[in-house]
Amino acid sequence: MTHSDRIQATLERLLADHGLTAGSRLYRSTMPEHLTPTDDPEVQTLSANPDPSEAVIDVYEGGHVTTATQLGPGLAFAEAEDHQWRAAGRIVVAVRLGDVLAQGGLIYPVESVITETVWYCTLPAGSIRASVLP
């Protein structure tokens, strides 16, 4: 089995274990200035963070905890939206997990989050299309 095959097998197992599919939506709170408009007013482009600070479990290389900066530019997303995120001018956006995977991105569980399941998604394209939630 090649390294690429092992990564794909790990990703498929991770998705299955957590009930995630390409159609799963992940959520993030952000400031409006972090979004770039598209032709569709309900869809914006969200840029990857080149210097992410999340601590993640690197399930692809043995399950140890590492910082997201070692994995590449990306963003953390939660499995569920929290209405408290809308405080102080922030807005909530959703992305499709399939859009992350289509650009060759991987997902990693975020360590030390108590209240919800959060995933760090690498974004090799440098950005991702996000739906702005009402």
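Considering segment 53-65, the residues that are in a loop (DSSP other than H, G, I, E, B) and not polar (S, T, N, Q) include one that is surrounded by the fewest Cβ atoms within 10 Å (Cβ to Cβ), namely GLY62.
To keep it simple, each residue is scored yes or no on (1) under 22 Å from ILE7 (Cβ atoms); (2) under 9 Å from the mean Cα position of the chain (by Cα).
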position	(1), (2)
LEU75	yes, yes
ASP82	no, no
ALA88	no, no
ASP99	yes, no
LEU106	yes, yes
GLU111	yes, no
THR117	yes, no
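In segment 23-52, which residues are within 20 Å of GLY98 (Cβ to Cβ), in contact with a strand residue (DSSP E or B) (Cβ under 7 Å, 6 or more places away or on another chain), in a loop (DSSP other than H, G, I, E, B) and not charged (D, E, K, R)? If the condition is that a residue be within 20 Å of GLY98 (Cβ to Cβ), in contact with a strand residue (DSSP E or B) (Cβ under 7 Å, 6 or more places away or on another chain), in a loop (DSSP other than H, G, I, E, B) and not charged (D, E, K, R), then GLY23, THR38, ALA48 are the ones that fit.
When the test is whether a residue is open to solvent by 40 Å² or more (accessible area, probe 1.4 Å) and under 16 Å from the mean Cα position of the chain (by Cα), THR45 does not pass it.
The C-beta contact set for segment 9-35 (first residue more than 29 Å from ARG86 (Cβ to Cβ) and among the aliphatic types (A, V, I, L, M), second residue in a helix (DSSP H, G or I) and open to solvent by 40 Å² or more (accessible area, probe 1.4 Å), distance under 7 angstrom, 6+ apart or interchain) comprises LEU14/VAL59.
The values are calculated or read from the model by the stated rules, or taken from the named source; none is laboratory data. Just so we're clear, the structure is a prediction, and the values are computed from it rather than from any experiment. With ideal geometry, Cβ positions are generated from the backbone for all residues, glycine too; neighbour counts draw on all protein chains shown. Side chains included, ligands, DNA and RNA excluded: accessible areas come from the protein's heavy atoms. Shrake-Rupley method; radii C 1.70, N 1.55, O 1.52, S 1.80 Å.
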